[in-house]
1. Can you confirm whether K85 is of a type in the set (D, E, K, R) and modelled with pLDDT of 90 or more?
2. Name the single residue, out of those in segment 176-202 being polar (S, T, N, Q) and surrounded by 13 or more Cβ atoms within 10 Å (Cβ to Cβ), that is farthest from P133 (Cα to Cα).
3. State whether the residues of segment 69-81 include one that is part of a loop (DSSP other than H, G, I, E, B), of a type in the set (D, E, K, R), surrounded by fewer than 18 Cβ atoms within 10 Å (Cβ to Cβ) and at pLDDT 90 or above.
4. Answer yes or no as to whether R221 is surrounded by 17 or more Cβ atoms within 10 Å (Cβ to Cβ), out of contact with any Asp or Glu (no Cβ under 8 Å at 6 or more places or on another chain) and charged (D, E, K, R).
5. Surrounded by fewer than 18 Cβ atoms within 10 Å (Cβ to Cβ), touching a residue at least 12 places away in the same chain (Cβ under 8 Å), touching a Cys at 6+ places or on another chain (Cβ under 8 Å) and not small (G, A, S) - does that describe any residue in segment 162-175?
6. Can you confirm whether R126 is touching a strand residue (DSSP E or B) at 6+ places or on another chain (Cβ under 6 Å) and over 23 Å from W176 (Cα atoms)?
7. Tell me, yes or no, whether segment 149-169 has at least one residue that is under 26 Å from A245 (Cβ atoms) and of a type outside the set (S, T, Y).
8. Among the residues of segment 123-137, is any among the hydrophobic types (A, V, I, L, M, F, W, C) and open to solvent by less than 60 Å² (accessible area, probe 1.4 Å)?
Amino acid sequence: MMRLICLFLFLACGVGVNAQIVNIENRRIYEDTSGWSGSLDAGMSITQNSADVLYSGNFRPRAQYKTRKNHFLIISDLNYTASNKTTFANSGMAHFRYARRIKDSPWKWECYTQIQYNQLLNQRVRYLVGTGPRWKFIDTNNIRFFVGTSTFWEYEELTEDGIINSNFRWSNYLSWFIRTKSGFSFSATTYYQPRWDKMKDFRFSGQYQMAQALTKRLDIRFEFNMFYDSDPPVNVRKTVFSSSAGFRVRLGE
C-alpha cells in the first residue's frame, strides 16, 4: 500500500518534477493590468499505516511585476516526499525572468536564470542563464500563440561519480491556448533543446491540456505530460510521461 501511495504522489507531481526542462509557460501570469500580481500554492500531507509514516509537501510561490515595457517574473517550486526510512522525491527550483518589449511590437527580449536540484535525476545542482526573443503572434480573447527561442549555458553536478556537465543549449518552444464557443479548450507547450555542439544530444518536453465544459459550472479535463532526454544521467530513464483526467467545479459567479 505504501508503494502505491508513493507512486500516486509521484505521478501527481507530473513531468515537471522529473524533467530537466521546467515549463515556464504554464507558470506565467496572464494579467493585462500593470503592477504586482502573484499566487502561492502550498500543501502538506501525512499518511500512516502499520509499518511506516509518509510525509509529503510542496511550496510553489510566484510573483510578477509588469509595466507596458517591462516584465519581471519569479517562480519557485519545492517538492518533498519521504517516510521515516526513505526519501522518495526531493526537488526544488527557483527561476527569475526579465522581459522587455521591443518598441510597440509583439516581440519581447527575455533574460533568465534558474537554479534547481532533483534527487530523482541524480542531480545535485543545476544552474543556467540564458537570453533570447519571444513573439506573441496571435492574441485574441479565445486564441493565444507564443513562440520563443534562446541560447542558455547550463552547469550541472550529478550525485553519482561527481560528474559535471557544462554546455550551451538552444531552447525553442511553442505555446498556445485555444477556447471555442462550445466550451472546449486546448492549451499546450512544447520545448526542444539540443546542444549547440552536439545536436544529437537533445531534450524534448510537452505538456498538453484539454477541457470540455459539461455545464455552466462543471468541466471535464485531461492532461498529458512527456519528457525525453536522448542522453540522460546514469540510471535515469530516457522517457518519462504522465497523464491524468478529472473534473473541475466552478463556484460563485
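The values are calculated or read from the model by the stated rules, or taken from the named source; none is laboratory data. Keep in mind that what you see is a predicted model, and the values were worked out from it rather than measured. Cβ sites come from the backbone with ideal geometry, for glycine too, and all protein chains shown count toward neighbours. What goes into the accessible areas is simple: the full protein's heavy atoms, side chains included, and nothing from ligands, DNA or RNA. Shrake-Rupley method; radii C 1.70, N 1.55, O 1.52, S 1.80 Å.
1. On the way: of a type in the set (D, E, K, R): yes; modelled with pLDDT of 90 or more: no.
Considered against the rule, which asks whether it is of a type in the set (D, E, K, R) and modelled with pLDDT of 90 or more, K85 comes out as no.
2. S185
3. Keep residues of segment 69-81 that are part of a loop (DSSP other than H, G, I, E, B), which gives 69.
Narrowing further to those that are of a type in the set (D, E, K, R): 69.
Next cut, surrounded by fewer than 18 Cβ atoms within 10 Å (Cβ to Cβ) only: 69.
Next cut, at pLDDT 90 or above only: 69.
The answer is yes, given that some residue of segment 69-81 is part of a loop (DSSP other than H, G, I, E, B), of a type in the set (D, E, K, R), surrounded by fewer than 18 Cβ atoms within 10 Å (Cβ to Cβ) and at pLDDT 90 or above.
4. Values: surrounded by 17 or more Cβ atoms within 10 Å (Cβ to Cβ): no; out of contact with any Asp or Glu (no Cβ under 8 Å at 6 or more places or on another chain): yes; charged (D, E, K, R): yes.
Spelling it out, it is not the case that R221 is surrounded by 17 or more Cβ atoms within 10 Å (Cβ to Cβ), out of contact with any Asp or Glu (no Cβ under 8 Å at 6 or more places or on another chain) and charged (D, E, K, R).
5. Going through segment 162-175, the residues surrounded by fewer than 18 Cβ atoms within 10 Å (Cβ to Cβ) turn out to be 162-168, 170, 172, 174.
Adding the requirement that they be touching a residue at least 12 places away in the same chain (Cβ under 8 Å) leaves 163, 166-168, 170, 172, 174.
Then keep just the ones that are touching a Cys at 6+ places or on another chain (Cβ under 8 Å); that gives none.
No, every residue in segment 162-175 fails to be surrounded by fewer than 18 Cβ atoms within 10 Å (Cβ to Cβ), touching a residue at least 12 places away in the same chain (Cβ under 8 Å), touching a Cys at 6+ places or on another chain (Cβ under 8 Å) and not small (G, A, S).
6. Working: touching a strand residue (DSSP E or B) at 6+ places or on another chain (Cβ under 6 Å): yes; over 23 Å from W176 (Cα atoms): yes.
Criteria met by R126.
7. No, segment 149-169 contains no residue that is under 26 Å from A245 (Cβ atoms) and of a type outside the set (S, T, Y).
8. Of segment 123-137, the ones among the hydrophobic types (A, V, I, L, M, F, W, C) are 125, 128-129, 135, 137.
From the residues that got through so far, the ones that are open to solvent by less than 60 Å² (accessible area, probe 1.4 Å) too are 125, 128.
Looking for residues that are among the hydrophobic types (A, V, I, L, M, F, W, C) and open to solvent by less than 60 Å² (accessible area, probe 1.4 Å), one finds at least one in segment 123-137, hence yes.
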